Amino acid sequence: MKVLVVGGGGREHALAWQMRRDDTSVELLAAPGNPGIAELGRCVRVAASDITGLLALAKRERADLTVVGPEAPLDAGIVDLFRAEGLAVFGPTRAAARIETSKSWAKALMLRAGVPTASARVFTNPAAARAEARRLGAPVVVKASGLAAGKGVVVAQGVAEADDAIAMMLEGNAFGAAGAEVLVEEYMAGEELSIFAVTDGTHVLPMLAAQDHKRAGEGDTGPNTGGMGAYAPVSLATDSLVQSVVDRIFLPTLAAMRADGCQFTGLLYAGLMLTDAGPKVVEFNCRFGDPETEAILPLLASPLLGALHTVAAGGSIEHAPPFRWAAGAAVTTVVAAEGYPGKARSSDEITLPPVPAGVTVFHAGTTRDASGRLVTAGGRVLAVSATAPTFAEAQAASRAHAAAVSFAGRQFRRDIGWREAARLERHA
Ligand code: AMP
Ligand code: GLY
């Protein structure tokens with residue numbers, strides 16, 4: 001089987017690595033890929049956003065399956081385009097991708113479907129938005145409706161901060177069209193959890209729950225990022241909690257999407273807040289999360305490729321076996337470039353020491369320069385994943401190897417999984 005992976009980050013490296021683990025005979029192609037993926041397959045210089053270029057590539061190469069990593073090509077309609085040509089592609093259509101790309105649409109769907117989530121109202125008028133923030137009182141959450149690369153959410157601790165966020169999004173045009181509408185949303189207190197499910201639009205195969213670390217600084221301080229690390233499993237995510245998320249969140253959301261004529265196929269990512277009143281949706285994403293994927297897949301003890309191919313080909317996963325997971329834990333530490341999540345420095349040479357057993361280094365923002373040296377080329381440079389029999393060992397191994405890779409201006413959090421560590425200590 002020939003598989004085209006769209007994207008070039010740590011998530012795509014992990015997906016490529018997993019498909020090769022599933023089936024050593026799989027022929028991997030990536031666009032644009034990265035130097036890590038290049039060790040597993042062939043990388044072709046087509047941008048992830050160039051969906052017509054990707055279609056031409058998939059046809060020329062006779063790819064049996066295309067797996068789409070990032071949201072941008074999904075939002076651009078890659079799945080619609082490939083399907084119209086009869087190609088098997090894993091991901092949602094453009095209309096179904098709105099579950100991520102339009103927070104106002106997603107919120108309306110959840111409320112209609114009775115899916116637990118924070119209450120919110122949508123505004124285009126700044127004065128009305130400010131009045132709503134006052135009515136709700138701080139803390140209050142202000143969100144740009146469209147895609148804003150993870151930067152369109154402000155959890156305002158006071159109404160003045162909410163006013164600033166509203167002004168930045170609606171009046172300052174900070175996110176262009178993505179910020180033309182804002183949501184003013186009820187604040188939810190609790191711990192966050194990411195649960196992914198592979199779905200054919202009706203049935204789901206949930207994956208192991210993970211916890212992301214979105215803030216740049218240790219102790220969850222500093223600016224929001226794409227994610228500085230993740231771990232799995234999360235002891236809060238008991239089997240019964242995951243089952244209730246399937247029954248009360250995934251299945252009703254999918255049913256509402258079918259009823260709306262935009263069946264969702266692919267990977268549905270539920271970003272949850274574990275509130276005192278139970279799990280509630282913070283956001284949905286229409287694709288695998290990054291860096292959670294790099295933590296989850298190393299624990300997968302059954303194949304992934306079959307389910308992806310079935311869904312991509314329009315089949316049913318009703319009778320597909322559930323995913324099985326290895327015992328133990330995985331911790332992923334993201335090693336980022338100086339300046340990230342702001343303007344990150346780049347083109348620094350990377351030195352990768354030998355990798356100990358149980359550790360996998362996924363490339364996220366790397367490239368080869370003209371002389372073939374491995375150099376930094378993005379905010380998040382590497383994702384260092386470690387698996388071990390216990391959480392503490394996985395955490396120590398991930399941290400130690402993140403400290404061992406080197407490049408100028410390297411930064412990483414040494415506390416990935418700190419909430420789990422504290423929980424395990426309390427229960428010890
Ligand atoms: P999002 O891009 O929607 O995932 O939001 C980014 C981050 O903002 C989330 O991971 C949460 O930490 C926080 N957040 C978003 N919405 C809420 C909410 N209603 N209550 C509390 N925190 C929130
Ligand atoms: N880790 C958060 C995301 O993938 O959106």
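The values are calculated or read from the model by the stated rules, or taken from the named source; none is laboratory data. Just so it is clear, the model here is predicted, and its values are computed rather than measured. Neighbour counts are summed over all protein chains in view; Cβ atoms, including those assigned to glycine, are modelled from backbone coordinates with ideal geometry.
Listed here are the strands (runs of 3 or more DSSP E) enclosed by segment 66-170 that have at least 2 residues being farther than 30 Å from Gly10 by Cβ: 120-123. Taken as a whole, the condition of being of a type outside the set (Lys, Arg) and touching a strand residue (DSSP E or B) at 6+ places or on another chain (Cβ under 6 Å) does not apply to Pro303.
On the stretch given as segment 184-213, residues that are closer than 20 Å to Phe391 by Cα and either among the hydroxyl-bearing types (Ser, Thr, Tyr) or near ligand 1 (Cβ under 9 Å from one of its atoms) (or both) total 3. Do we find a residue being without any contact (Cβ under 8 Å) to a residue 60 or more places away in the chain and within 26 Å of Arg368 (Cα to Cα) anywhere in segment 73-80? Among the residues of segment 73-80, not one is without any contact (Cβ under 8 Å) to a residue 60 or more places away in the chain and within 26 Å of Arg368 (Cα to Cα), which makes the answer no.
Taken over segment 317-344, the criterion of being modelled with pLDDT of 95 or more and either polar (S, T, N, Q) or surrounded by fewer than 16 Cβ atoms within 10 Å (Cβ to Cβ) (or both) is satisfied by Glu318, His319, Pro321, Pro322, Arg324, Ala326, Ala327, Thr332, Thr333, Gly339. Just wondering, is there one or more residues in segment 29-40 that are farther than 18 Å from Val381 by Cβ and buried (at least 24 other Cβ atoms within 10 Å of the Cβ)? Yes, some residue in segment 29-40 is farther than 18 Å from Val381 by Cβ and buried (at least 24 other Cβ atoms within 10 Å of the Cβ).
With a cut-off of at least 2 residues that are within 17 Å of Trp17 (Cβ to Cβ) and of a type in the set (A, V, I, L, M, F, W, C), name the strands (runs of 3 or more DSSP E) lying wholly within segment 315-428. Break it down into steps so the answer makes sense when it comes.
On the way: elements: 329-336, 359-363, 366-368, 374-376, 380-388.
Those strands (runs of 3 or more DSSP E) span 329-336, 359-363, 380-388.
When the test is whether a residue is within 16 Å of ligand 2 (Cβ to nearest atom), aromatic (Phe, Trp, Tyr) and over 16 Å from Pro92 (Cβ atoms), Tyr269 does not pass it. Here Asp276 clears all of (1) away from ligand 1 (no atom under 16 Å from the Cβ); (2) surrounded by fewer than 18 Cβ atoms within 10 Å (Cβ to Cβ) except the condition numbered (1).
Scanning segment 143-168 for residues that are at pLDDT 90 or above and more than 9 Å from ligand 1 (Cβ to nearest atom) yields Ala156, Gln157, Gly158, Val159, Ala160, Glu161, Ala162, Asp163, Asp164, Ala165, Ile166, Ala167.
Residues checked against (1) closer than 30 Å to Lys343 by Cβ; (2) touching a residue at least 24 places away in the same chain (Cβ under 8 Å):
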| position | (1), (2) |
| --- | --- |
| Glu218 | yes, yes |
| Gly227 | yes, yes |
| Ala270 | no, yes |
| Gly278 | no, yes |
| Glu292 | yes, yes |
| Pro298 | no, yes |
| Ser302 | no, no |
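Residue under question is Thr310, and the condition is that it be under 23 Å from the mean Cα position of the chain (by Cα), of a type in the set (S, T, N, Q) and at pLDDT 95 or above; does it hold?
Working: under 23 Å from the mean Cα position of the chain (by Cα): yes; of a type in the set (S, T, N, Q): yes; at pLDDT 95 or above: yes.
Yes: the conditions hold for Thr310.
Flag set for Leu424, criterion: of a type outside the set (Ser, Thr, Tyr) and at pLDDT below 95. Could you check segment 193-216 and list, in sequence order, the residues that are acidic (Asp, Glu) and either more than 12 Å from ligand 2 (Cβ to nearest atom) or within 25 Å of Ala129 (Cβ to Cβ) (or both)? Within segment 193-216, just Asp200 meets the criteria. Does segment 250-264 contain any residue that is over 30 Å from Ala84 (Cα atoms) and either within 16 Å of ligand 1 (Cβ to nearest atom) or buried (at least 18 other Cβ atoms within 10 Å of the Cβ) (or both)? No, segment 250-264 contains no residue that is over 30 Å from Ala84 (Cα atoms) and either within 16 Å of ligand 1 (Cβ to nearest atom) or buried (at least 18 other Cβ atoms within 10 Å of the Cβ) (or both).
Anything in segment 53-80 that is within 18 Å of Leu308 (Cα to Cα), crowded, with 17+ Cβ neighbours inside 10 Å and over 15 Å from the mean Cα position of the chain (by Cα)? List them, or say none. Scanning segment 53-80 gives Ala58, Ala63, Asp64, Leu65, Thr66, Ile78, Val79, Asp80. Taken together, the residues in segment 184-213 that are in a loop (DSSP other than H, G, I, E, B) and surrounded by fewer than 20 Cβ atoms within 10 Å (Cβ to Cβ) amount to 5.
Is there a residue in segment 406-413 that is among the basic types (Lys, Arg) and under 21 Å from the mean Cα position of the chain (by Cα)?
Taking segment 406-413 and keeping what is among the basic types (Lys, Arg), we get 410, 413.
Imposing the further condition that a residue be under 21 Å from the mean Cα position of the chain (by Cα) reduces the set to 413.
Scanning segment 406-413, I find at least one residue that is among the basic types (Lys, Arg) and under 21 Å from the mean Cα position of the chain (by Cα), so the answer is yes.
Ser385 - would you say it is touching a Phe, Trp or Tyr at 6+ places or on another chain (Cβ under 7 Å), modelled with pLDDT of 95 or more and buried (at least 18 other Cβ atoms within 10 Å of the Cβ)? Reasoning before the result, please.
Values: touching a Phe, Trp or Tyr at 6+ places or on another chain (Cβ under 7 Å): yes; modelled with pLDDT of 95 or more: yes; buried (at least 18 other Cβ atoms within 10 Å of the Cβ): yes.
When the stated conditions are applied, Ser385 passes them.
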